[in-house]
Amino acid sequence: MFKKRTLVIALTAAITSLAGCNSETTEETDPSEPLNVLQYVDPFIGTGFNGHTFPGAVVPEGFVQLSPDTHLTGWHSSSGYHYDDDTVYGFSHTHLSGTGIGDLGDILFMPYSDDQEHESSKFQKSNETAGAGYYQVKLDDSGIDAELTATQRVGLHRYTYADQQSQKLKVDLGHTLNEDWGGVSIENEITFVDENTIIGKRISGGWADGQQVFFIAKFSSPIKSYTITNEGEQIDGSTANGKDVVSFIEFEPSDKPVEIKVALSPVSTEGAEDNLNAEAAALSFDQARAQAENKWKDSLEGFQIEGGTETEKTIFYSALYHTKLAPMIHQDVDGQYPGMDKNIYQNFDGKTNYTVYSMWDTFRALHPLKTITEPQRAVDYAMNLIQKQKEGGLLPKWELHGNYTGTMVGYPAVSVMADAMVKYPQEFTQQDFEDAMLAGIASSTWHPEDFQHWDQELLGKVMTLHIKYIGEEGFAPADETAESVSYGLENAYYDWCIAQIAQLAGNQQVYDTYMQRSKGFERYFDYNPSDYSEHNVSGFMRPVLLDGSWRTPFDPYNAVHETGDYTEGNGWQWTWFAPHDIDGLKTLMGGEEDFRKNLDGLFNAEEQEGTADMTGLIGQYVHGNEPDQHVPYLYNYTDTPWKTQEYVDQILEEFYLATPEGIVGNEDVGQMSAWYVLSSLGFYQITPGNTTYTIGRPLFDKAAIPVKDGEFTITAENNGPDNLYVKSVSINGQPLNEGLFFDHSEFKAGGTLHFVMSATPPQS
């Protein structure tokens with residue numbers, strides 16, 4: 001299946017090098033000099049196929065993510081952009097990277113002239129470029145050259161019009177992404193303040209219901225004239241309110257480009273103005289671009305790699321870039337932000353409110369990566385999640401701009417909190433541990449009577465019936481709940497995470513209760529080697545009915561989106577989700593030999609595709625979605641750990657490419673990229689909340705990465721494309737535990753993880 005796709009993707013490599021950063025160069029770098037990391041960042045990677053990334057201008061963790069909108073509805077509109085498109089509808093200021101659902105696309109600007117249709121323009125890929133903090137495209141219909149850059153809260157536009165061309169701009173506040181998936185404009189407001197300034201707000205519904213953004217825009221050229229419409233009807237005066245407010249502006253004639261600064265605020269127009277004055281009032285476009293590039297350089301150059309190909313460096317740094325788009329800062333410069341209860345809160349003492357927590361995806365690799373390379377940010381995330389629970393009553397479940405969306409499985413915030421807390425307990429107080437424990441209990445306990453003030457449909461997505469049945473019956477029944485197996489397995493892991501937090505809090509009773517609940521995954525495994533001999537496995541995690549019987553008939557290949565027994569997968573993938581108790585999973589499967597045989601059965605199964613999310617198959621292992629991305633590393637718990645090295649090598653080589661189609665599934669707000677970053681460095685964390693890491697196959701000869709108080713180095717002796725097997729490995733001069741495992745505490749400043757590689761597996 002995949003080899004055909006690889007051939008197709010190879011044909012686009014030349015196009016990518018023209019459209020974005022040069023991702024295919026043979027120039028050798030001097031290992032004595034630090035890499036110019038920005039030359040290896042290509043924001044177009046992941047914008048094709050199902051990656052759903054966007055190429056626009058953003059700084060690390062920036063609230064403003066200013067990007068072209070080329071795809072407004074359907075599966076490929078999640079980020080507003082798809083590489084296959086040739087029409088741009090304008091440039092909006094907020095986007096999501098790599099999701100499977102879309103939203104945002106707030107405050108769209110579209111330059112045009114007298115002889116151009118203002119709704120859209122064709123463009124050529126050869127006239128489009130993108131880099132860290134910068135995007136540019138030439139519009140075919142008018143010849144206007146559009147450039148974008150950004151600060152944390154301000155988007156900067158520069159539009160260069162042709163000589164003698166009228167300089168016009170459409171400002172569309174009703175612009176909506178994903179209308180076919182419920183995206184809707186609820187309320188728009190615009191006011192023309194003076195000849196260089198407009199202010200306004202947008203409230204929208206959809207994935208994030210009642211999401212609001214305030215803005216101020218400052219123009220370098222004075223406004224000559226303007227009109228305002230609402231739902232197509234012209235509005236008199238300088239202010240308009242409505243559901244679909246659009247303004248058409250003409251600037252005074254000039255031979256200079258029009259430069260625009262658009263500051264956003266989640267709180268107020270006054271907040272937007274303060275953000276503009278603090279971040280960009282004194283900056284020219286070129287200064288802002290240079291500042292954005294320097295911020296990216298500072299953020300990325302702590303990672304220095306040697307060895308590997310130039311293409312692999314591009315994939316690595318572009319992946320690292322994608323891990324730094326979210327969670328993003330979601331507060332004004334004065335610390336004000338909207339809480340989960342829609343009230344305005346004030347942060348003090350350096351505290352930060354973040355948004356876009358895609359935690360069902362990102363607890364697996366993105367957040368563990370942050371605990372290594374950005375430990376203070378990881379601690380901040382944990383504290384922020386505790387605060388969000390205090391505001392709204394429950395931990396966020398796919399939080400989006402201060403909104404609960406109720407998307408995906410369980411209560412994964414506890415994983416993010418537990419992982420930061422067990423690695424950096426000294427950064428938290430006793431009260432923090434207790435607050436985190438209580439937040440976990442509140443989110444894992446069935447008590448809808450305390451949330452009568454909530455929208456009840458939304459409550460049902462956040463506090464799901466699975467919680468009720470797990471509390472009463474010990475499992476989620478398939479005849480009463482959808483996706484019952486996935487919820488049952490993941491909630492068992494999340495309950496284990498709550499137990500780890502309870503242990504830090506010193507609460508033995510809660511620890512014991514949740515450790516017992518964490519064994520709930522056992523109820524779903526059907527051990528029956530004779531019945532499953534045709535699949536070469538000893539059993540599967542299966543849906544259980546309320547009366548305790550298995551749902552029949554059972555097909556491990558069957559995948560039904562949202563209404564089936566599994567979330568975005570089937571029995572093959574979900575059978576492996578018990579990361580907190582791998583020894584227990586081994587026992588369920590019949591012991592270590594059957595555990596290994598079952599792994600072999602997974603990777604050698606027939607490559608039947610299921611739902612749209614199930615891409616990047618090796619047998620029935622699915623790398624293009626999250627549920628089993630830890631599975632290649634499970635061979636390290638068998639007598640054939642070299643198979644981990646083989647499969648990790650295959651995934652790194654085949655499922656990540658330096659092309660627009662180079663991410664094999666939804667990038668999922670940094671998760672797919674974080675998997676690549678960790679795995680290419682040579683290690684992975686199977687169980688967030690446990691401080692243990694295990695090894696894979698390092699891609700580079702040497703990598704220096706930032707850690708708390710300094711730098712940590714990974715070296716690979718005798719490394720190369722064919723030398724993918726680990727002969728020996730040590731950390732800080734000592735052999736690894738069982739030759740395969742090490743602890744988070746070993747990431748010391750000045751420390752080294754050293755591999756010796758071989759062309760043959762150990763038993764050969």
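The values are calculated or read from the model by the stated rules, or taken from the named source; none is laboratory data. Only a predicted model underlies this, so the values are computations on that prediction, with no experimental measurement involved. Quick reminder, even Gly has a Cβ in these numbers, built from the backbone with ideal geometry, and neighbours come from all protein chains shown. When the accessible area is computed, the model is the full protein with side chains, heavy atoms only, and any ligands, DNA or RNA have been set aside. Shrake-Rupley method; radii C 1.70, N 1.55, O 1.52, S 1.80 Å.
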Among the candidates Ser142, Ser225, which residue alone is polar (S, T, N, Q), open to solvent by 10 Å² or more (accessible area, probe 1.4 Å) and in a strand (DSSP E or B)?
Ser225
Having 3 or more residues that are touching a Cys at 6+ places or on another chain (Cβ under 9 Å) and over 22 Å from Ala208 (Cβ atoms) is the bar; report the helices (runs of 4 or more DSSP H) wholly within region 353-418 that clear it.
none
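So which residues in region 321-337 are in a loop (DSSP other than H, G, I, E, B) and open to solvent by 10 Å² or more (accessible area, probe 1.4 Å)?
Passing the criteria: Gln331, Val333, Asp334.
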Quick check on my filter: what residues within region 720-753 are open to solvent by 30 Å² or more (accessible area, probe 1.4 Å), part of a strand (DSSP E or B) and in contact (Cβ under 8 Å) with a residue 40 or more places away in the chain?
Asp743, Thr752
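Would you say Ile695 is free of Cβ contacts under 8 Å to residues at least 24 places away in the same chain, buried (at least 19 other Cβ atoms within 10 Å of the Cβ), of a type outside the set (S, T, N, Q) and touching a Leu at 6+ places or on another chain (Cβ under 8 Å)?
no
Looking at Gly584, Gly520, can you tell me which residue is in contact with a Lys or Arg (Cβ under 8 Å, 6 or more places away or on another chain) and either at positive phi or outside any loop (DSSP other than H, G, I, E, B) (or both)?
So the residue among Gly584, Gly520 that is in contact with a Lys or Arg (Cβ under 8 Å, 6 or more places away or on another chain) and either at positive phi or outside any loop (DSSP other than H, G, I, E, B) (or both) is Gly584.
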Condition broken by Glu61, with the remaining ones in (1) over 25 Å from Asn294 (Cβ atoms); (2) surrounded by fewer than 23 Cβ atoms within 10 Å (Cβ to Cβ); (3) not β-branched (Val, Ile, Thr) satisfied:
(1)
Taking the condition of being over 18 Å from Met541 (Cα atoms), more than 23 Å from the chain's Cα centre (by Cα) and buried (at least 23 other Cβ atoms within 10 Å of the Cβ), how many residues in region 613-637 meet it?
1
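Among the residues of region 754-764, what is the count of those that are in a strand (DSSP E or B) and free of Cβ contacts under 8 Å to residues at least 12 places away in the same chain?
0
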So Thr311 fits all but one of (1) open to solvent by less than 20 Å² (accessible area, probe 1.4 Å); (2) under 30 Å from Asn36 (Cβ atoms); (3) part of a helix (DSSP H, G or I); (4) not charged (D, E, K, R); what number is the exception?
(1)
Those residues of region 279-300 that are open to solvent by 70 Å² or more (accessible area, probe 1.4 Å) and either in a loop (DSSP other than H, G, I, E, B) or touching a residue at least 60 places away in the same chain (Cβ under 8 Å) (or both) come to a total of 4
Scanning region 519-547 residue by residue, the ones that are under 19 Å from Thr481 (Cβ atoms) and of a type in the set (Ser, Thr, Tyr) total 1
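From the list Pro660, Pro688, which one is open to solvent by less than 30 Å² (accessible area, probe 1.4 Å), under 30 Å from Ser77 (Cβ atoms), in a loop (DSSP other than H, G, I, E, B) and in contact (Cβ under 8 Å) with a residue 24 or more places away in the chain?
Among Pro660, Pro688, only Pro660 is open to solvent by less than 30 Å² (accessible area, probe 1.4 Å), under 30 Å from Ser77 (Cβ atoms), in a loop (DSSP other than H, G, I, E, B) and in contact (Cβ under 8 Å) with a residue 24 or more places away in the chain.
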Just to be sure I understand, how many residues within region 455-489 are aromatic (Phe, Trp, Tyr) and more than 27 Å from the chain's Cα centre (by Cα)?
2
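Can you find even one residue in region 44-63 that is within 21 Å of Ile203 (Cβ to Cβ) and either assigned to a loop (DSSP other than H, G, I, E, B) or modelled with pLDDT under 95 (or both)?
Checked against the condition, which is being within 21 Å of Ile203 (Cβ to Cβ) and either assigned to a loop (DSSP other than H, G, I, E, B) or modelled with pLDDT under 95 (or both), region 44-63 yields at least one hit.
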Near pairs, Cβ below 8 angstrom, 6+ apart or cross-chain, from region 59-83 (without any contact (Cβ under 8 Å) to a residue 40 or more places away in the chain) to any residue that is aromatic (Phe, Trp, Tyr) and open to solvent by 10 Å² or more (accessible area, probe 1.4 Å)
Thr70/Tyr89
Yes or no: Leu18 at pLDDT below 95 and not in a helix (DSSP H, G or I)?
no
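Kindly indicate whether Leu177 is outside any strand (DSSP E or B) and open to solvent by less than 10 Å² (accessible area, probe 1.4 Å).
yes
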Those residues of region 64-97 which are over 18 Å from Met110 (Cβ atoms), surrounded by 22 or more Cβ atoms within 10 Å (Cβ to Cβ) and of a type in the set (A, V, I, L, M, F, W, C), in sequence order
Leu96
Quick one: in region 537-572, which of the residues that are more than 29 Å from the chain's Cα centre (by Cα) and of a type in the set (Val, Ile, Thr) is most open to solvent (accessible area, probe 1.4 Å)?
Thr552
State which residue pairs qualify: first residue of a type in the set (D, E, K, R) and modelled with pLDDT of 95 or more and inside region 408-426, second residue surrounded by fewer than 22 Cβ atoms within 10 Å (Cβ to Cβ) and part of a helix (DSSP H, G or I) in any location, beta carbons under 7 Å apart, and separation of 6 or more residues or different chains.
Lys423/His744
